[in-house]
Amino acid sequence: MFVLSDSFDRLYELEYKQVTRVELNFPGKLELFPVGMFPNFGDWGYDEITLAGKKLFRHEVLFASGATIAVEFQDFTFSRRPAENGKQRRS
C-alpha cells in the first residue's frame, strides 16, 4: 500500500507479508473510474494495529469517507522516500 504524507512531501510504502485476509468496506457510491486528486476514499483518518490471532496482526484504516480497509498479516515492512511533486498542496 502506498501512502502520501499529510505534507505531500513523503511517500510511504507499506508491505504486508503472509497476508491471510483483506477487507474493504465502502459506504455510499463508489466510482469505477474516479477522477480528481482525492476521489472516493478521502483522507486517511486514523489506523490501528491489533493482534488478530497467534502470530497474526490486523491493520485497520478508517478514511474520511467512512471507508475502511483491514489487512491481516504475519509480517510487515515499510519504507519512505521523497514524493514526486512533493510541494503540491490541496486547494
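A quick yes/no check of all residues on (1) more than 14 Å from the chain's Cα centre (by Cα); (2) at pLDDT below 90; (3) surrounded by 11 or more Cβ atoms within 10 Å (Cβ to Cβ):
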residue	(1), (2), (3)
Asp6	no, yes, no
Tyr12	no, no, yes
Val19	yes, no, yes
Glu23	no, no, yes
Glu31	yes, yes, no
Val35	yes, yes, no
Leu62	no, no, yes
Ser65	no, yes, yes
Asp75	yes, no, yes
Residue by residue through segment 1-19, note down the ones that are in a strand (DSSP E or B), within 10 Å of Ala83 (Cβ to Cβ) and touching a residue at least 60 places away in the same chain (Cβ under 8 Å).
Leu4, Arg10, Leu11, Tyr12
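The values are calculated or read from the model by the stated rules, or taken from the named source; none is laboratory data. Keep in mind that this is a model prediction, so the values were computed, not measured. Quick reminder, even Gly has a Cβ in these numbers, built from the backbone with ideal geometry, and neighbours come from all protein chains shown.
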